[in-house]
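Enquirer: First the structure, which I've put down as structure tokens, then a few questions once you've had a look.
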Amino acid sequence: MAFELYKLPYDENALAPYISEKTLQFHYGKHHAGYVNTLNDLIKGTNLETHTLEEIILATEKYPSQQTIYNNASQVWNHTFYWQSLSPNGGGDIPEGDFKDAVIRDFGSVDNLKTELKKAATTQFGSGWAWLIVDDGHLKVINTPNAQSPLGKKRILLTIDVWEHAYYLDYQNRRPDYTQTVLDHLINWSFAIQNFYRI
Ligand code: MN3
């Protein structure tokens, strides 16, 4: 059974003016859709066809001969997670509760968490991702290159795509401005809280 492109939970213009409709048309409609189509082509007729996306990612990640499949499968997963990490009603403060308490405990403040996410996003050399994860019971910010993710190793709460295609139409080379804007106006704390409680 072929994988289908994740359906956005908001309109392509819903993140504007912070991320434009044009960026979503390309990023979601071309890049994300392209990874889905390429993955389907690559696994067609192979034993991977009957596996879940997560199973394909974990089964292929260690094998150099499977890197093309891994890259496309992981990018499908990463983008689906990224769209949910953003919301037209995002940004602002974190609602009171266990997740915010954990942020204060592990970073000192919400602003410090945002600073760490911005640092992870801007220091990732080349293409990649910034992540908020749970590591050994503590919240932690990391980054990964290219298609890589902490999937299957750590509980993932949020991600920010820092490939140039995520911001170049709106921010050109200004990755720090894109990241700051995402953190101030779009980051979906509700999604992080949902992932924080997920068993
Ligand atoms: Mn992307």
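Values in this text are rule-based calculations from the coordinates and carry no lab data. All values derive from a computational prediction rather than experimental measurement. When we count neighbours, we look across all protein chains shown, and the Cβ atoms used for this are built from the backbone with ideal geometry, even at glycine.
Enquirer: For Leu157, what residues show an amide H to amide H distance below 5 Å, using hydrogens built from the backbone and excluding near sequence neighbours?
Expert: Leu132, Ile133, Val134
Enquirer: Identify, among His79, Leu5, Ser127, the residue whose Cα sits farthest towards the positive end of the charge dipole of the chain, taking +1 on the Cβ of Lys and Arg and -1 on the Cβ of Asp and Glu, with the dipole about the Cα centre.
Expert: Projecting each Cα onto the dipole axis, the largest value belongs to Ser127.
Enquirer: Helix 33-43 against the longest principal axis of the chain: what's the angle in degrees, Cα atoms only, rounded to the nearest 10?
Expert: 40
Enquirer: Helix-derived [θ] at 222 nm for the chain: sum -39500 (n - 2.57) over DSSP H runs of at least 4, divide by residue count, nearest 500?
Expert: -13000 deg cm²/dmol
Enquirer: Also, quick follow-up: Write down the Å³ per residue value for the convex hull defined by the alpha carbon atoms of the range 21-85.
Expert: Cα convex hull per residue, to the nearest whole number: 82 Å³.
Enquirer: Evaluate the charge dipole of the chain about its Cα centre and quote only its size in Debye, nearest 20, assuming +1 on the Cβ of each Lys and Arg and -1 on the Cβ of each Asp and Glu.
Expert: 340
Enquirer: How about the range 1-65: which GluC sites (Glu not before Pro) there lie in a loop by DSSP and see at most 13 other Cβ atoms within 10 Å?
Expert: Sites meeting the loop and neighbour criteria: Glu4.
Enquirer: Then there is this: Principal axes first, then extents: for the Cα atoms of the chain, list largest minus smallest coordinate on each axis, whole Å, largest first.
Expert: Sorted largest first, the three principal extents are 50, 39, 30 Å.
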